Amino acid sequence: MPALVLLGAQWGDEGKGKATDLLGGSVDYVVRYQGGNNAGHTVVVGDQKYALHLLPSGILSPGCTPVIGNGVVVDPAVLLSELSGLAERGVDTSKLLISGNAHLITPYHTTLDKVSERFLGKRKIGTTGRGIGPAYADKINRVGIRVQDLFDESILRQKAEAALDFKNQVLAKLYNRRAIAVDQVVEELLGYADQLSGYVADTTLVLNNAIDQGQVVLFEGGQGTLLDVDHGTYPFVTSSNPTAGGACTGTGVGPTKISRVIGILKAYTTRVGAGPFPTELLDEDGEKLRTIGGERGVTTGRDRRCGWFDAVIARYATRVNGLTDFFLTKLDVLTGWERIPVCVAYEIDGKRVEELPYSQTDFHHATPIYETLPGWSEDITQAKTFDDLPKNAQKYVQALEEMSGAPISAIGVGPGRDETIQINSFL
Ligand code: GDP
Ligand code: IMO
Ligand code: MG
């Protein structure tokens, strides 16, 4: 079992942090492969709650080496403050490795993210405002600044000049903002160099060597399948590839090394930010899911939009990620509903559609076709085995499994590490 990927099967916030932490004690490396501090991964260990944004959730497992891969965009100020926040709480952060090829998020990316959203007005994406899109745009445009550039002042200056040349025109002429001085950017970035240098490594080499030696590497996705820039609900997506292929490009580990791809799947659906959401509930049920599920963003504090489980999306996640397993989370949140609707297909222009439509217009017009399953009222948070669940909760899980196209190998019944029913081992 050399390498496994753990990723979001919906629109993010499925419980990836908890699932990663659960595996953290049994793996040697936990690697973030895309995204940045737009992520908010919650880990609950005993009575301690951690909100991780940029650091891999494996940082909380003492035996595990956390790695930030080349596909991640790194805001150095956020990284250092996250590291010192954890150190203050007694977490050992010394093992962290950061790819020298990861791109940096600088203050001008954050500024551009916010002003461009304002400029889009009604058409805005509802980004987290963390500079993610502009940093990836620079990477693709070949005017990005990488972690390794922090250690060569003359290259850093040349790259900052190249990046700001155009951006300052845009900021001043289009957005009516003050231009950003190259000196200021260079000085700020150089200020991080000494603090970061000890963490920087050839992570591709480290990870491939580890796999060759039989060590176990876990890739931890940020965001989710439907936020993927290629496979998600474009343009209402993030600017990276949370889907399984992203784990390869974002770390330099080839697909032949990956033996398991685990989709984290919430027992209902949530989304933050703008964009289509067929099973969204704008009624009391939606409010109830939000309240009981604590559906408020870890990064921006925004209320999450809530809706019923959507099996069309789960099937799509199985397909585009090649999922081998699901980890179903937050089943406990559904306790107390007499009947629980599940979306089994869509109706689009009078026709029944079983697969996620590739056309955005069709997806915007999709209305859910529901099957309603009987609910349960017993508290399930203490359940340790599948048999401990009430019959109707078992049937709900079995129905989801049949519709979703991969086995449900674990079930979350609460936020804590122990509040998990393990059906098949992931390792
Ligand atoms: P991530 O971004 O995928 O890591 O998910 P978030 O941390 O943003 O949101 C998931 C929330 O659900 C967090 O508050 C978790 O502590 C919580 N959570 C995870 N699994 C479960 C579960 O099985 N039951 C309950 N009640 N909460 C869970
Ligand atoms: P985790 O890892 C949920 C959403 C934003 C917005 C869109 C683009 O905690 O699951 P961006 O700032 O990335 O350019 O915003 O993506 N988004 C998330 N939604 N969970 C996340 O991360 C998200 N990261 C970004 O709300 O709609
Ligand atoms: Mg989150």
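The values are calculated or read from the model by the stated rules, or taken from the named source; none is laboratory data. Quantities reported herein were computed from a predicted structural model and do not represent experimental measurements. Here Cβ is always computed from backbone atoms with ideal geometry, including for glycine, and neighbour counts include all displayed protein chains. These accessible areas exclude ligands, DNA and RNA; they are computed on the full protein's heavy atoms, side chains included. Shrake-Rupley method; radii C 1.70, N 1.55, O 1.52, S 1.80 Å.
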Set Gly63, Gly12, Gly90, Gly58: member being assigned to a loop (DSSP other than H, G, I, E, B) and open to solvent by less than 20 Å² (accessible area, probe 1.4 Å) = Gly12
Is it the case that the stretch 39-49 has a residue that's surrounded by 24 or more Cβ atoms within 10 Å (Cβ to Cβ), polar (S, T, N, Q), under 16 Å from Val298 (Cβ atoms) and within 14 Å of ligand 2 (Cβ to nearest atom)?
-> no
Which ones in the stretch 295-331 are open to solvent by 40 Å² or more (accessible area, probe 1.4 Å), touching a residue at least 12 places away in the same chain (Cβ under 8 Å) and either within 16 Å of ligand 3 (Cβ to nearest atom) or farther than 21 Å from His231 by Cα (or both)?
-> Val298, Thr300, Arg302, Asp303, Arg305, Lys330
Scanning the stretch 398-414 for residues that are assigned to a helix (DSSP H, G or I) and among the polar types (S, T, N, Q), which turns out nearest to Ala345 (Cα to Cα)?
-> Ser404
Leu79 is checked against (1) of a type in the set (A, V, I, L, M); (2) closer than 25 Å to Val43 by Cα; (3) open to solvent by 10 Å² or more (accessible area, probe 1.4 Å); (4) part of a helix (DSSP H, G or I) and fails just one. What number does that condition carry?
-> (3)
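Only one residue in Arg146, Arg142, Arg123 is surrounded by fewer than 22 Cβ atoms within 10 Å (Cβ to Cβ) and either of a type in the set (A, V, I, L, M) or in contact with a strand residue (DSSP E or B) (Cβ under 9 Å, 6 or more places away or on another chain) (or both), so which one is that?
Arg146
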Selected residue [farther than 21 Å from Glu82 by Cβ and either touching a Gly at 6+ places or on another chain (Cβ under 9 Å) or among the acidic types (Asp, Glu) (or both)] from Leu226, Leu174 = Leu226
Any chance the stretch 407-418 includes a residue that's farther than 23 Å from Ile262 by Cα and either among the small types (Gly, Ala, Ser) or open to solvent by 60 Å² or more (accessible area, probe 1.4 Å) (or both)?
-> no
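Per-residue answers, yes or no, for (1) assigned to a strand (DSSP E or B); (2) under 30 Å from Pro235 (Cβ atoms); (3) small (Gly, Ala, Ser); (4) out of contact with any His (no Cβ under 8 Å at 6 or more places or on another chain):
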position	(1), (2), (3), (4)
Pro357	no, yes, no, yes
Phe363	no, yes, no, yes
Thr372	yes, no, no, yes
Ala383	no, no, yes, yes
Tyr396	no, no, no, yes
Do we find a residue being within 14 Å of ligand 2 (Cβ to nearest atom), modelled with pLDDT of 95 or more, assigned to a strand (DSSP E or B) and surrounded by fewer than 20 Cβ atoms within 10 Å (Cβ to Cβ) anywhere in the stretch 271-286?
-> yes
Of the residues in the stretch 23-43, those that are in contact with a strand residue (DSSP E or B) (Cβ under 7 Å, 6 or more places away or on another chain) and either more than 10 Å from ligand 1 (Cβ to nearest atom) or at pLDDT below 95 (or both) come to Leu23, Gly24, Val27, Asp28, Tyr29, Val30, Val31, Arg32, Tyr33, Gly36
Those residues of the stretch 177-219 that are over 26 Å from His109 (Cα atoms), open to solvent by less than 30 Å² (accessible area, probe 1.4 Å) and of a type in the set (Gly, Ala, Ser) come to a total of 1
Cβ-Cβ below 6 Å, separation at least six or inter-chain, first residue in the stretch 249-262 and among the hydroxyl-bearing types (Ser, Thr, Tyr), second open to solvent by 40 Å² or more (accessible area, probe 1.4 Å): which pairs?
-> Ser259/Met1
Among the candidates Thr238, Thr204, Thr233, Thr243, which residue alone is within 19 Å of Gly58 (Cα to Cα) and at pLDDT 95 or above?
-> Thr204
Find all pairs meeting these conditions: Cβ atoms under 6 angstrom apart; at least six residues apart or on different chains; first residue within the stretch 173-199 and in a helix (DSSP H, G or I); second residue aromatic (Phe, Trp, Tyr).
-> Ala193/Phe151
Of the residues in the stretch 21-35, how many are open to solvent by less than 10 Å² (accessible area, probe 1.4 Å) and either within 13 Å of ligand 3 (Cβ to nearest atom) or not in a loop (DSSP other than H, G, I, E, B) (or both)?
-> 6
Selection from the stretch 226-257 of residues open to solvent by less than 10 Å² (accessible area, probe 1.4 Å) and either within 16 Å of ligand 3 (Cβ to nearest atom) or of a type in the set (A, V, I, L, M) (or both) yields Leu226, Asp228, Ser240, Pro242, Ala247, Val253
